[in-house]
Amino acid sequence: QVQLVESGGGLVQAGGSLRLSCAPSGNIFSINNMGWYRQAPGKQRVMVARFTSGDTTDYADSVKGRFTISRDNAKNTMYLQMNRLSPEDTGVYYCNAGIQTGRYFPRLDYWGQGTQVTVSS
């Protein structure tokens, strides 16, 4: 069974940094369209950063210049380096990816369980 596992969340003071990781487990034939999403309390889940095609990246305006998405293709692992964090960045961060488990299997959308990021003022 395929799973996406996030790690690296925690409590940090404003101005601090955190690095999130997302690693898949299970039978992976191919993985793409990886991205990070955030859900703040009482709000909808929104895109934070993602790979759109190839190595092209897309960021929410609120995190441009502060967050960097990257990945290790050999490990199928994705990262989110978050710098100059502010209380507005608080929320549960979810990893998302399109995963194919075999050559003739359809690509399905997977979500991780989420990791909490709390930024104190």
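Tabulated data
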{"read-out": "Candidate set: region 72-88, residues that are open to solvent by 70 Å² or more (accessible area, probe 1.4 Å) and either at pLDDT below 95 or part of a strand (DSSP E or B) (or both); chosen: the one farthest from Gln39 (Cα to Cα)", "value": "Ala74"}
{"read-out": "Some residue of region 95-111 being over 27 Å from Gly10 (Cβ atoms) and of a type in the set (S, T, N, Q)", "value": "yes"}
{"read-out": "Hits in region 93-121 - residues which are surrounded by 19 or more Cβ atoms within 10 Å (Cβ to Cβ) and assigned to a strand (DSSP E or B)", "value": "Tyr93, Tyr94, Cys95, Asn96, Ala97, Ile99, Thr115, Val117, Val119"}
{"read-out": "The one condition in (1) without any contact (Cβ under 8 Å) to a residue 12 or more places away in the chain; (2) in contact with a Phe, Trp or Tyr (Cβ under 8 Å, 6 or more places away or on another chain); (3) β-branched (Val, Ile, Thr) that Thr56 fails to fulfil", "value": "(2)"}
{"read-out": "Within region 1-20, considering residues that are assigned to a loop (DSSP other than H, G, I, E, B) and not small (Gly, Ala, Ser), the one nearest to the chain's Cα centre (by Cα)", "value": "Val2"}
{"read-out": "Of all residues making up region 21-71, the number that are farther than 20 Å from Gly8 by Cβ and either part of a strand (DSSP E or B) or open to solvent by less than 30 Å² (accessible area, probe 1.4 Å) (or both)", "value": "4"}
{"read-out": "Pair list, Cβ under 7 Å, 6 or more apart: region 101-119 residue within 21 Å of Ser21 (Cα to Cα), other residue open to solvent by 50 Å² or more (accessible area, probe 1.4 Å) and part of a strand (DSSP E or B)", "value": "Gly112/Val5; Thr115/Ser7; Thr118/Leu11"}
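For (1) β-branched (Val, Ile, Thr); (2) at positive phi, each residue gets a yes or a no:
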site	(1), (2)
Ser30	no, no
Lys43	no, no
Val48	yes, no
Thr57	yes, no
Gly65	no, yes
Ser70	no, no
Asn96	no, no
Tyr104	no, no
Arg107	no, no
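The values are calculated or read from the model by the stated rules, or taken from the named source; none is laboratory data. A quick note: this is a predicted structure, and the numbers were derived from the prediction, not measured. Note: ideal-geometry Cβ built from the backbone for every residue, glycine included; neighbour counts use all protein chains shown. The protein model used for the area step is the full one, side chains on, heavy atoms only, and it has no ligands, DNA or RNA in it. Shrake-Rupley method; radii C 1.70, N 1.55, O 1.52, S 1.80 Å.
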